Amino acid sequence: SCPTDRLVLQVSAQELLEGNTVTLRCRSQKKWEVTQVRFYHEEKDLRGPLKGTELSLSPLQLHHSGRYRCRGRVSDRYSQRWQKSTLVA
């Protein structure tokens with residue numbers, strides 16, 4: 001089945017090791033515009049910039065493990081709404 005959430009947090013499917021770099025990408029399910037993106041680790045705002053839809057964690061460390069999500073303003077042809085992605089471990 002396909003997720004029905006408007007906003008999806010994408011993370012590399014490869015094995016992640018300490019010292020590596022991982023990029024979190026906040027995307028819409030369709031080709032809707034996503035702006036003002038914030039990233040959260042264990043529901044704590046990572047205080048990243050509100051520009052762009054990606055956040056890189058480098059070098060990876062043990063404290064980076066846990067659950068992440070993104071929140072952003074999703075604009076379709078009719079409206080703009082704040083959306084949250086589901087949690088990703």
Task: Qualifying position, being open to solvent by 80 Å² or more (accessible area, probe 1.4 Å) and farther than 16 Å from Ser12 by Cβ, among Leu46, Leu62 - done: Leu62
- [ ] Give me the pairs, please: first residue somewhere in region 57-85 and more than 21 Å from His41 (Cα to Cα), second residue anywhere and open to solvent by 30 Å² or more (accessible area, probe 1.4 Å) and not charged (D, E, K, R), beta-carbon distance under 9 Å, and either six or more positions apart or on two chains.
- [x] Ser75/Trp32; Ser75/Thr35; Asp76/Trp32; Arg77/Trp32; Gln80/Thr35
TODO: Could you please find all residues in region 46-59 being in contact with a strand residue (DSSP E or B) (Cβ under 6 Å, 6 or more places away or on another chain) and at pLDDT 90 or above?
DONE: Leu46, Thr53, Glu54, Leu55, Ser56, Leu57
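The values are calculated or read from the model by the stated rules, or taken from the named source; none is laboratory data. Note that the structure is predicted; figures quoted are calculated from it, not measured. Positions of Cβ are generated from backbone atoms using ideal geometry, with glycine treated the same way; all protein chains shown enter the neighbour counts. Remember, those area values only see protein heavy atoms, side chains included, never the ligands or the DNA or RNA. Shrake-Rupley method; radii C 1.70, N 1.55, O 1.52, S 1.80 Å.
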